[in-house]
Each structure stands twice: as structure tokens, then as C-alpha cells.
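Everything below concerns the one structure shown next.
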Amino acid sequence: MILNRLSGLFAAIVGIILLFWVIPNHTETVDYGWLRPATLPKITVFIIIIAGTVHFIFPRGTAELDFASAGRSALFLGIGVAGLWLMNISGFSIGAPVLMLALMIIIGERRWQWLLSGVIMLPAFIWLCVDYLLKRPLP
Amino acid sequence: MIDLNIILAGFADAFTLYNLFFVWFGILIGQLVGAVPGVGPVMAMAIAIPFTFGLDPLPAIGFLVGVNKGGLVGGAIPAILINTPGTPDAAATTLDGYPMTKKGQPEKATKMALYASVTGDAFSDIVLITGAPLIATVALKMGPIEIFALMIFAFSIIAGLVGDSMAKGIVTAGLGLFCATIGLDPENSTPRFIFGHFELYDGVPLVSMALGMLAVAEIFRRLSLIRGNIGAAVIVPKSQKKADRRVSWTEFWACKYTILRGSIIGTIMGAIPGLDSSAAAFMSYATAKQASKDPDSFGKGNIHGIAATESANSSVSGANLIPLLTLGIPGNIAAALIISALMIHGIQPGPLLFKEQGQLIYGLFCSLLMANVLNLFSGLVGLRLWTKVIKAPESIIFPAALLLCMIGVYLATGGLFGVAVMFIFALLGYIMNALGYSVIVFVIAFFLGERVELSLSQSLNIIDGDLKILLNHPVALVLFALALISVYWFGLKSKKKITAKNSKA
């Protein structure tokens, strides 16, 4: 319940940061026209601040954050980002198999036939379809 | 008045093995690419257009139409089986499709998606064939003020999807709308919130947002749950009854009003240029939920939820051809690709098309109807294949889905920046899911946001401070009134019902 309530406070704080820092610094000032660049963003941010505050005061619904699962999800997100970085510097042909191998090993897959399918055959199939058949460049 | 001879000649042109083959081939490609997250039929059509140069106009257009229609069915498959929509259009199908899979009914869910999709598609094709010129004339009366009113009406329907906390739903809708304002503003074309990344000039890529929030966040959640025993991605009980594998006629017929409602919503949205099928699917879902005697079962594996979304998103495709063929205005990207293919083949879409190329157009109509039948039969075979694939271990299904999402987004956005954006939205989607904020409301608000701002900007310029001008737009006034009614109907009344039910319990 506390987490649920705090999520409203967090939303309101995000709204305030957007209103006083992000919107003024990342929109251009225009003094003509009916709908200026900051008009709609400001309206949406006011909505977020008001609704977030209401939720903080009168919380409804539930919020369940399992920190163990969230930690593991963060690990997989990190692996995904690392795979993206690897593809960026060394290309798809190295990045994709390494990404698949890391994910499958961490999950606990040890059967060689499935590892072979995921690490070699799937990236090769994608390369065949995209690069060879469709002539579209891969990273 | 078109001569009956021309109609029959057109149908005869279309009904050849040669033409049938290209339509069918297009459907197979469409179903395949639709089922691969991030790739989608639009990209397949764009790639395929140069290959149609050597074909006659009818098989060429029939092939492209086949890819588009096949993609609509294909997109629902991963949405239902692994909670990962193949195309953004299928996002709403995850709501009840995946819970049915979790209940051990993946085949039933995918079959219902196929039947509803083909029915909705056939409905809009029949409307196209019988009433295209009339509908196009009405649709063109929808100016910026009417479009803005329609957008407000669509937003009001979100009230039915916010779940158990209205405040959380409003925060989420506000956040989705805010994210939609990233990029150039529509009135002055000045960049907003791009943080030095010129890739964001066109806004946050839709495919990055949709796949990140809906697919990748779910993939990370599923990966985090695998500990020790590695099972199949989808577990179907061996003792499963036949009734859990198929959709009986009684079940299909019970969804007739849901499918009809979805088809009408999709056809109306499709006939208006610029509105997309995702909005139609969510509107149809919200109305089906509200009309249901058991709205609480929606989101927990109600077959009506799948029927509502799939009939609506598929009926948009036929209706998109209404402004295209009658007025030469493409309703969405797929229609724009078809218009370009028509022009490459020397055909100028527009008011004179029916007069000058009547035989070709009726041939195209016949191809559309053939495509629906072929889509149904190819889909039935394809679904068996996909439901077998999905029984592979989750240790390969989910990493493979992640890699396919990355490559799909890379191809769709033309660079790895789009993939990075996808990961950011995956993180946001994961946090929102955990804290009980509706990801679906965010996605709808994002989908509608750009169009809302554009139509609001145009409307304000038309009105120019004189609100009396609104009296000259009765359709807009009716839509504003409907928006107010739907906020009461979908939001406040539903909440009262839930509160009353809870207090009784």
C-alpha cells in the first residue's frame, strides 16, 4: 500500500521536474499562434501532477514489486543493452550469437542442441532472410 | 452506373490461377512477417513493391493486398502466444489472448483471432465494394474540428480501460500524451525534448514504443521467472478437451454482435484518412467490455475480447481503400504503398478510377474477397505450425523473441537508436506494470497524441477565438457530447458498479 501511495508522489515529482526544468529548457519560445510548442506538454504535465497528487492522498488499486524478480529483470535488461552495444561496435554476426548465448546460459539452458539452435541457427537464419534475401543491411 | 459486364469481366480477370497464386503468396509472406515482432506487413510491402514491377497490375496489387491482409492475422499470433504483439495493431489482442494461452487454450484463442479477423476484413471489403463513393464523400466532411472531436471521443473511451484507479489511469494517459509530443511541434515545427538526438525529430518511433512497452517488458518479466526447471514456453495440458482446442459454431455465433460492432468501428475509423487500426482495436475492446454482462472477465481470457480487437483492426484495412480508390487519398502507410504501386503501374487513383479502370477495380475487389478466403485456410494451417513452435523450451523462445524485437526495430527505424529507445520504454513498461499503471492506456494515449495535437492546432486556427464557429460543425458537437456520455458510461458508471459489487461482497 505504501508503494502504491508513493507511486503517486513519484508521478507528481516527475511532473514538477518536467514542468520546471525539462519543458522550459527543451522547447522553443514562440510568441505567436494558438498552440505553442510548450502548450500541450504543459497541459499533460499539469494532468500528471494533479492526478499523481490525488493518488498520493487517496490511493486506489495495488502495486506489487517483487524485488528479486525486478533484480533479475534488470540483469536481463543489462544483457540486452550490452548486446546492443556489442552489435554497434562489432556487428550483428558477433553481437547476436553472444547475446543469445549469454541469455540462454544465464537462464540455465545447458542442452547443446537448443544452444546450437539459439546461438548459431537463429542468427544465421535472420542473416539469411534479412541480409541475403531482402538485401537489407544488418548492424 | 457501372456496366454489369465490366464487373463480371473484372471478376473473371481476378479468378485465374495466376492471380490466385500471387494473392496466396502475399498472404503467406504477410502471415510470416506479421508474426515476427517488429517487422510487420508494411515493411514487407515496401520491400516487395520493386518485385511487382514485372507483374501485371492486378496480380501486383493483389500480392500487396495479400501481404497486408496476411500481416493482420500474423500479428495476433505472438500477441496471443507469448504476449508479444507482432504488429502494433495487435497490441489490444494481448489483453485477452495471452490469458487464454495461460489457461491452456492457445489454439482456441488463435483460431478465434483468425475467424474474427477474416470476418471483420470481409465486412469492410463488402462495405468498400458496395458503398465506397458514398462513404468517401461523408468521410471527407470530417475536417480538423471533427477529427479533434473524434480524438476526444476516443480518449473518453479510455476511461473504460483504466482499471481500478482512475487517478493512475489519468497519470498514465498524461504520460503517454506527453511522450507523443516529443519531436517537432505541428504548428511551428520547432524541436521539443530531443536532447540533441536528431533521430527524435519525427518523434519517438511508434514501433520502438509499442514493442518496448508491450513485448520486451513482458520478455524480461518472463525471463526473470525462469529459475531451475526450464519448461515449454506454452504448456498445453495433455488431457486437454477438444472443446479447448477449437472454436465451435455456438461460440463464434455468440460473438456475432462483438464482431459486428468491432467491424463497424474499424470500418468507420479506416474510412477516415489518418486514423489507425490500433485505436480502432482499443475502442472496440472498450465498448465490448462495457456491453458485456460480465465485464470483469475481460483481461482474464474472455474470447469476446479477442473477437472485438481482431475484427476491428482487420476491418480497417478494407476501409482504408475507400478514400484511396474513390478520392486518391491514402488512409494509412499500407494504403500509401498501394497507391504508389498503382501509380507505378500507370493507374491514377481518384474519382475517375471507377469509370476509366472499372474492370481492374472490380478485379481488385474480387482479389480482396479471394484473399479473405485464402487468409482463412492458410491461417488455419499456419496456426498449427506456430502453436507447435511455441511449445519449444522457454529458454529459446524468449531470447529469440528479444533478438527478433531488436532486429525488427532496427529494420523499422533504420538504426540502433530505435533499439535503445525500445529498451527505455521496456523499462518504463516494466515499472508501470509492477506499480499497477495501465500500459495499455499509455499506448493508446501515445497512439492518439500526435493526431490530437495536430487536429487541435488546426482547429484553433480555424476557430480563431470565435467559439460560435463550432455551431457550424454539428458532427463535432455530437462527438463532443458522445465523449461526455462515454466518460460517464465507461468511467463513472462502471466505477459505481464495481464499488456496489465490492460492498455487496
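The values are calculated or read from the model by the stated rules, or taken from the named source; none is laboratory data. None of these values were measured; they are calculated from a predicted model. Because the Cβ atoms are built from the backbone with ideal geometry, glycine has one as well, and the counts that use them run over all protein chains shown. To get the accessible areas, we keep the full protein, side chains included, count just its heavy atoms, and leave off ligands, DNA and RNA. Shrake-Rupley method; radii C 1.70, N 1.55, O 1.52, S 1.80 Å.
Just need a number here: residues in segment A:30-88 that are buried (at least 17 other Cβ atoms within 10 Å of the Cβ), among the aromatic types (Phe, Trp, Tyr) and more than 7 Å from chain B (Cβ to nearest Cβ). Residues that pass the stated criteria total 1.
Taking segment B:171-217, which residues are surrounded by fewer than 24 Cβ atoms within 10 Å (Cβ to Cβ), within 11 Å of chain A (Cβ to nearest Cβ) and of a type in the set (Asp, Glu)? Hit for segment B:171-217 is B:Glu187, nothing else.
Every residue, every condition in (1) in a helix (DSSP H, G or I); (2) under 23 Å from A:Ile79 (Cα atoms), yes or no:
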residue: B:Tyr201; (1), (2): yes, no
residue: B:Ala210; (1), (2): yes, yes
residue: B:Leu214; (1), (2): yes, yes
residue: B:Glu218; (1), (2): yes, yes
residue: B:Arg246; (1), (2): no, no
residue: B:Glu251; (1), (2): yes, no
residue: B:Ile259; (1), (2): yes, no
residue: B:Pro273; (1), (2): no, no
residue: B:Lys289; (1), (2): yes, no
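Segment B:45-162 holds helices (runs of 4 or more DSSP H) entirely within its bounds, and those carrying 3 or more residues that are among the polar types (S, T, N, Q) and under 17 Å from the mean Cα position of the chain (by Cα) map to B:106-140. In segment B:381-395 there is at least one residue matching the filter, namely being within 10 Å of chain A (Cβ to nearest Cβ), assigned to a helix (DSSP H, G or I) and more than 30 Å from B:Leu20 (Cβ to Cβ).
Within segment B:369-381, residues that are within 10 Å of B:Ser117 (Cα to Cα) reach partners that are of a type in the set (D, E, K, R) and modelled with pLDDT of 90 or more with beta carbons closer than 6 Å, at six or more positions or on different chains, in the pairs B:Asn372/B:Asp121. Within the set A:Pro139, A:Pro123, the sole residue that is in a helix (DSSP H, G or I) and surrounded by 16 or more Cβ atoms within 10 Å (Cβ to Cβ) turns out to be A:Pro123. The selection criterion, being more than 9 Å from every other protein chain (Cβ to nearest Cβ), closer than 20 Å to B:Leu404 by Cβ and within 23 Å of the chain's Cα centre (by Cα), holds for A:Val98.
Anything in segment A:19-59 that is under 23 Å from B:Asp464 (Cα atoms) and not in a helix (DSSP H, G or I)? List them, or say none. Within segment A:19-59, A:Glu28, A:Thr29, A:Val30, A:Asp31, A:Tyr32, A:Gly33, A:Trp34, A:Leu35, A:Arg36, A:Pro37, A:Ala38 meet the criteria.
Is there a residue in segment B:419-441 that is within 8 Å of chain A (Cβ to nearest Cβ) and more than 30 Å from A:Arg5 (Cβ to Cβ)?
Taking every residue of segment B:419-441 in turn, at least one turns out to be within 8 Å of chain A (Cβ to nearest Cβ) and more than 30 Å from A:Arg5 (Cβ to Cβ).
Select from segment B:163-186 the residues that are modelled with pLDDT of 85 or more and not in a helix (DSSP H, G or I) and list them in ascending order. Of everything in segment B:163-186, those that are modelled with pLDDT of 85 or more and not in a helix (DSSP H, G or I) turn out to be B:Thr181, B:Ile182, B:Gly183, B:Leu184, B:Asp185, B:Pro186. The set of residues in segment B:225-263 being modelled with pLDDT of 75 or more, within 14 Å of another protein chain (Cβ to nearest Cβ) and open to solvent by less than 60 Å² (accessible area, probe 1.4 Å) consists of B:Ile226, B:Ile230, B:Gly231.
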